[in-house]
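First up is the structure itself, then whatever we jot down about it.
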Amino acid sequence: MSRADFMAILPLLVLSTTMIVAMLVSAFYRRHGAVMAIVQLGLMLAFAALWPADAQVPRRVTTLLMVDRYALLFGGLILVASIGVATLAYGYLRRAHRPEEFYLLLLAASLGGLVLASSNHFASLFLGLELLSVSLFGLIAYPIAHWRPLEAGIKYLILSGTASALLLFGMALIYAELGTLQFEHISIAASTEPSHSKVVIAGMVLILGGIAFKLSVVPFHMWVGDVYEGAPAPVGAYLATVSKGAVFVMLLRFLPEAGLYGKPALLWILTLMAVASMLIGNLLALLQTHLKRLLGYSSVAHLGYLLVILVAGGPLATEAAAFYLTAYFVTLLGAFGVITLLSDEQGDNDALAEYRGLFWRRPWVAGVLSITMLSLAGIPVTMGFVAKFYAVAAGIERAQWLLVATLIVASAIGLYYYLRILIALFSARGRTTIVATPSYSWSGALVVVAAGLLLLVIGAYPVPLINLFHGAL
C-alpha cells in the first residue's frame with residue numbers, strides 16, 4: 001500500500017486508533033467523562049479526515065475497498081450520526097454501571113458502517129456487515145440489569161445469524177459459478193457464462209434475503225417491534241439510522257456494479273419487497289401504543305420508500321437516496337433523542353399514554369417531537385417532504401408507476417398514526433400526566449434541538465444541501 005492508499009482510508013484508521021485508545025483508557029482510568037471525550041474527539045477527527053482523503057479519491061485500496069466521493073459522503077453522514085448518538089448516550093448512561101464499554105461498541109459499529117460504504121468486494125461486505133451486527137448485539141443488550149434489552153439482544157443475535165448464513169451461502173454459490181467475489185467482475189462473468197445464470201440468480205436471491213433482514217424490510221421484519229422496544233433509546237436511534245443507512249448505501253453501490261439492473265427477476269423481488277414494506281410497515285405502526293415500536297415499524301415503511309429509489313435507479317437515484325437518508329437520519333435522531341431525554345436508568349418512557357399533554361409540561365421537547373413526526377409524515381416545510389418528493393421524482397423518471405402509487409397510498413396511511421401522536425402531545429387531558437424526571441445532559445438536549453431546527457431550515461431552503469450532493473456525487 002502506498003501513502004495515497006493510507007490517506008484514502010484515513011477516516012477508518014483514525015476510528016480504529018480511537019477504539020484502541022478508548023479501550024486502554026477504560027482499562028486503566030475508568031471515567032465516563034474521559035472516555036466520552038476521547039470518543040467524541042476521535043469521531044470528529046475521523047470526520048475531519050474526510051478532506052485529506054478526498055484529495056486522493058477515487059482510489060481502489062487493495063481489491064476490497066473502493067474509496068470515492070460516494071463512500072466519503074455517506075461515511076461523513078455515518079460519522080455525524082454516530083456523534084449524535086454518542087452525545088445522547090452520555091446523559092442516558094451517566095448513572096449506569098460501567099458505561100465506558102458502550103462507546104467501544106459504538107465505535108466498532110461505526111467502523112463497520114464505514115467499511116460497508118466503501119465495500120467493493122463480498123469479503124469486505126461481509127466483514128463490515130458482521131462488525132456492525134456483532135457490535136449491535138452488545139449495544140442492544142447493554143443494560144443487562146433489565147430483561148427487555150437482553151431479550152431483544154438475543155432475538156437480534158439469532159435472526160442476524162440466520163441472515164449471515166443466507167449471505168454466505170449466496171456468496172458461495174456465486175463464487176463457485178463465476179470464480180469472483182468482486183462486484184464489477186460479477187456482471188462481466190455472468191454475461192459471458194449464460195448457462196450459469198440460474199445459479200447466479202439463486203445466489204443473488206440469498207444475498208438479497210440476508211441484506212433484507214439487515215434492512216428489516218418485509219418479509220424479514222418480524223424482529224423489529226421487539227428489538228426496538230427492548231433496545232435502549234440511543235441504540236434505537238443507532239439501529240434506525242447508521243445500521244440501516246450503511247447497509248442501504250452498500251446495496252445502492254452493489255446493484256449497478258454487479259449488473260443486477262439487467263436481471264428483471266431480481267428487480268421484481270425488490271419491487272415486491274418495497275410494496276409490501278410500505279403498506280405492511282404503515283399498517284403495523286397503526287396498531288402500536290409504544291413510541292419505540294411505532295418508530296420501528298415506521299422504519300420498515302421508510303426503507304420501502306428508499307427501495308423505490310433503489311429499484312428506479314438512473315442518474316437521480318444516488319442524489320435522491322443521499323437526501324432521503326440525510327432527512328431520515330436527522331428525523332430519527334430527533335425522535336429517539338426525545339425518548340432518551342424523557343427516560344431514566346429504570347427504563348425508557350415510550351408509552352404513548354406518557355406523552356399525553358407533554359406540550360403543557362415540556363413545550364420545547366413536545367415541539368421537537370412534533371417536528372419529527374411531521375417530517376416523517378412528509379408534511380411541507382420539513383426535510384421529510386423534500387425527501388419524499390425526491391423518491392416520487394425518482395420513481396416517475398423511470399416510470400415505476402406501481403411503486404409511486406403505493407408510496408402515495410402508504411404515506412396517506414402513515415398520516416393517521418403520526419397525527420395521533422401530535423394529538424396526544426397537545427391534549428389538555430394530559431396536563432397532569434406523570435413522566436419520570438429527565439436524565440439528560442445539556443449536550444443531549446442540544447442534539448435534539450439541532451435536529452428539530454435542521455428539519456425546518458433545510459425543509460424550507462434545501463438548495464445548499466442539494467448543491468452539496470450535486471458536487472459530491
Quick one: Met222 ticks every box in (1) closer than 16 Å to Leu303 by Cα; (2) buried (at least 22 other Cβ atoms within 10 Å of the Cβ); (3) of a type in the set (A, V, I, L, M) bar one, so which box is it?
-> (2)
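For (1) over 21 Å from Arg59 (Cα atoms); (2) without any contact (Cβ under 8 Å) to a residue 24 or more places away in the chain; (3) in contact with a helix residue (DSSP H, G or I) (Cβ under 8 Å, 6 or more places away or on another chain), each residue gets a yes or a no:
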site	(1), (2), (3)
Leu111	no, no, yes
His121	no, no, yes
Glu130	yes, no, yes
Ser133	yes, no, yes
Gly138	yes, no, yes
Pro143	yes, no, yes
His146	yes, no, no
Tyr156	yes, no, yes
From the option list Arg98, Arg94, single residue qualifying as on the phi > 0 side of the Ramachandran plot and either in contact (Cβ under 8 Å) with a residue 60 or more places away in the chain or of a type outside the set (Gly, Ala, Ser) (or both) is Arg98
Any residue in the stretch 56-74 that is of a type in the set (Gly, Ala, Ser), in a loop (DSSP other than H, G, I, E, B) and within 23 Å of the chain's Cα centre (by Cα)?
-> no
Listing of helices (runs of 4 or more DSSP H) fully contained in the stretch 232-310 that carry 1 or more residues being surrounded by fewer than 21 Cβ atoms within 10 Å (Cβ to Cβ) and hydroxyl-bearing (Ser, Thr, Tyr) | 264-286
Matching entry among Tyr261, Tyr228 (being at pLDDT below 85, in contact with a Gly (Cβ under 7 Å, 6 or more places away or on another chain), among the hydroxyl-bearing types (Ser, Thr, Tyr) and under 27 Å from Phe323 (Cα atoms)) = Tyr261
Would you call Arg30 touching a strand residue (DSSP E or B) at 6+ places or on another chain (Cβ under 8 Å) and of a type outside the set (A, V, I, L, M, F, W, C)?
-> no
Scan Leu279, Leu295, Leu284 and give me the residue that is touching a Phe, Trp or Tyr at 6+ places or on another chain (Cβ under 6 Å) and more than 18 Å from Ala202 (Cα to Cα).
-> Leu284
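The values are calculated or read from the model by the stated rules, or taken from the named source; none is laboratory data. Given the structure is predicted, the values throughout are model-derived calculations rather than measurements. Reconstructed Cβ throughout: ideal geometry from the backbone, glycine too, with neighbour counts over all protein chains shown.
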